[in-house]
Amino acid sequence: MPSRAAVVLAILIAGATAAAVPASADDGRIGIRLLEAPVDRRDDPRARVYVIDHLNPGTKIERRIEVANNAPTPRTIELYPAGAAIEDDAFTIAEDRTANELSGWISLDRPSVDLDPYSRTTVLATVDVPAAAARGERYAVVWAQASAPTGSPGAGNVGVVHRVGIRVYLDVGPGGEPPSSFEIGDLTASRRPDGVPTITADVRNTGERALDLSGSLNLADGPGAMRAGPYPVTLGTTLAPGTAGQVVVELDARLPDGPWTAELTLASGLLKETSTVTLTLPPPGASTRATAGDGRPFLGWTLVGVAVVALVAAGLLAVRHRDRIAARRPRARRASAGVRPAGRTRP
């Protein structure tokens, strides 16, 4: 009897690298991308890649999505929504077509599209929120999926399923959109056994919307006034509202131990926060911890000194101004009483 074919699932979440994923993604097979964003989010890089919005119960939105066949043969591409969640500081997709509440609110104008080689088309996704929907943020994915049949050229006895998707972050509740914010906590420097140093930052989501963190770290004031960076943050950290997690930055193994002034800048969409600390890179297997705000103390005291000088100068100017006004008052009183300077007569 012939053996059952193995199935390999190739998955790509569009925008998982915090940058727009072109339609040629996923080994040249199929692609998917968002074509529009809300007017009030057009400057938000996340909203150009993901479906991100806030809706009142009983309302709906529509989004145009482009689906592409980047293979040299015709393809039938299936389209469907499925559930997702944020778990362990990561955006986690549900298995296969497992639904959740949000995916049940999402519909597509076509369940599948037939595309010629190297062609693309546009489909319409609608998110319709029931009037009785409870307050809160929900997550899902809009998927495009194509299968290479078992026995096709290059596949042998393995069936390959290519699946690419667009994340959906939808907040539901009356009134306007809730705030987004985050705080950077302590930074920990460590060095792996292979000598590569890493910086780990504690981050807390203090807002009411999920965050996808990106950013970079710069080093300054090192030995011999050395500077290094920027070093990119390892992508993939997603924090649900009210949760805390970590981001990691991998540095160059050739860096001296320091001390360094480390400036970490993190962003999620238009949100941006910076933390500056002074730290020293430890030997392999060890770690050192620096509290946010410990960096650049001289600069901090300099700013305080400048503020004090400015306050003193403002006080002196106020005293001089008061004395000038007091000096003018006797002359003004004499003029109002009809007193004229001596030696002058009225015509």
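The values are calculated or read from the model by the stated rules, or taken from the named source; none is laboratory data. The model shown is predicted, which means the values in this text are computed figures rather than measured ones. Ideal geometry is used to build each Cβ from the backbone, glycine not excepted, and the neighbour counts take in all protein chains shown. Surface areas here come from the heavy atoms of the whole protein model, side chains and all, with no ligands, DNA or RNA. Shrake-Rupley method; radii C 1.70, N 1.55, O 1.52, S 1.80 Å.
So, by mean Cβ neighbours within 10 angstrom, what's the order for 177-186, 44-53 with the highest one leading?
Top to bottom by mean Cβ count within 10 Å: 44-53, 177-186.
Order the peptides 217-228, 254-265 from the highest to the lowest mean number of other Cβ atoms within 10 Å of their residues.
254-265, 217-228
Compute the distance in nm between two label points, each set 7 Å from the Cα along the Cα-to-Cβ direction, one at ARG204 and one at LEU124.
Placing both labels 7 Å along Cα→Cβ, they lie 4.6 nm apart.
Using the Karplus equation 6.51 cos²θ - 1.76 cosθ + 1.60 (θ = phi - 60°), what ³J(HN,Hα) coupling, rounded to whole Hz, does each residue of region 123-140 give in order, writing x for Gly and Pro?
10, 10, 9, 10, 10, 10, 8, x, 5, 9, 5, 7, 5, x, 9, 10, 9, 7
Can you give me the accessible area per residue for region 79-218, using a 1.4 Å probe, in Å²?
42
Under a crude label model (7 Å from the Cα following the beta-carbon direction), how far is MET226 from ASP40 in nanometres?
For MET226 paired with ASP40, the spin-label model returns 4.8 nm.
Going by amide H atoms built from the backbone, whose H comes under 5 Å of the H on PHE91, apart from near neighbours?
Residues meeting the amide H criterion: THR238.
How large is ³J(HN,Hα) for each residue in region 74-80, as worked out from phi by the Karplus curve 6.51 cos²θ - 1.76 cosθ + 1.60 (θ = phi - 60°), to whole Hz, x for Gly and Pro?
x, 9, 9, 10, 7, 10, 6
Give the distance, in whole Å, between the Cα centre of region 25-82 and the Cα centre of region 181-214.
With region 25-82 and region 181-214 each reduced to a Cα centre, they are spaced 29 Å.
I need the phi-derived Karplus couplings for region 275-286: 6.51 cos²θ - 1.76 cosθ + 1.60, θ = phi - 60°, integer Hz, Gly and Pro marked x.
Ordered by residue, 3J(HN,Hα) equals 10, 10, 9, 9, 9, 10, 6, x, x, x, x, 10 Hz.
Using a 1.4 Å probe, how large is the accessible area of THR280, given in Å² and rounded to the nearest 10?
Per-residue accessible area (THR280): approximately 60 Å².
First check a/c for region 155-251, with a ≥ b ≥ c the square roots of the eigenvalues of its C-alpha gyration tensor; if it is under 1.5, answer rounded, and if not, answer prolate when a/b is larger than b/c or oblate otherwise.
Oblate is the answer for region 155-251, as a/c is 1.5 or above yet b/c matches or exceeds a/b.
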